Amino acid sequence: QVQLEESGGGLVQAGGSLRLSCVASGRSFSPYVMAWARQAPGKEREVIARITWSDGLPYYPDSVKDRFVVSRDNAKNTLYLQMNRLKPEDTAVYYCAAGSWAVATRKGFDYWGQGTQVTVSS
């Protein structure tokens, strides 16, 4: 139905920057919200950015606010995450997700990507 594919992960030194991309393919893509989430070993998956697809209104938790910027290009069906001033604590697998209105009201998502590894060295 809908496939999400992340790219842009890799190894970066603390204080550096990295930009992740997520391309959606499949049926006509029109989610209510898209998001980035991450999961480190031994940790629960954490949503770190959300953005409404139509209006581009972003949301960030305090853990990444002022460092990460989420954006989207509707014409390209692409979601981005600009990560700045990276810390070793940011090391995790980063996932792209998309949600309809119905699941978004429950803090859930309909589709997930496979994830991309981000490793931040000290």
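The values are calculated or read from the model by the stated rules, or taken from the named source; none is laboratory data. A quick note: this is a predicted structure, and the numbers were derived from the prediction, not measured. Neighbour counts run over all protein chains shown; Cβ positions are idealised from the backbone, glycine included. For the accessible areas, the whole protein counts, side chains as well, though only heavy atoms, and no ligand, DNA or RNA atoms are used. Shrake-Rupley method; radii C 1.70, N 1.55, O 1.52, S 1.80 Å.
Observations, loosely collected:
- Simple spin-label estimate for residue 5 and residue 107 in nanometres, 7 Å along Cα-Cβ: 3.2 nm
- Whichever lysines have a C-alpha closer than 25 Å to that of residue 43, once near sequence neighbours (fewer than 8 apart) are set aside: 65, 87, 107
- The chain, dipole about Cα centre (Lys/Arg Cβ +1, Asp/Glu Cβ -1), debye to the nearest 20: 60 debye
- Over region 26-122, the fraction of Cα-Cα pairs per 5 Å bin, rounded to whole percents and listed from the shortest bin up, is 3, 13, 25, 26, 19, 10, 4, 1, 0.
- Heavy-atom accessible area per residue - region 1-105, 1.4 Å, Å²: 53 Å²
- Potential extension, residue 73-residue 89 segment - 0.36 nm per residue separation minus Cα distance: 2.9 nm
- GNM result for the chain, Cα springs below 10 Å: residue of 72, 19, 106 fluctuating most strongly: 106
- Residues with amide H under 5 Å from that of residue 33, placed H, sequence gap 5 or more: 53, 99
- Net length available on complete extension from residue 82 to residue 46 is 11.3 nm, with 0.36 nm assigned per residue and the Cα-Cα distance removed.
- Within the chain, helix-based [θ] at 222 nm, where runs of 4 or more DSSP H residues each add -39,500 (n - 2.57), nearest 500: -500 deg cm²/dmol
- The share of accessible area on region 1-108 that comes from carbon and sulfur is 47 percent, using a 1.4 angstrom probe.
- Amide N of region 11-32 lying under 14 Å from the label point, which is placed 7 angstrom from the Cα of residue 55 along Cα→Cβ: 32
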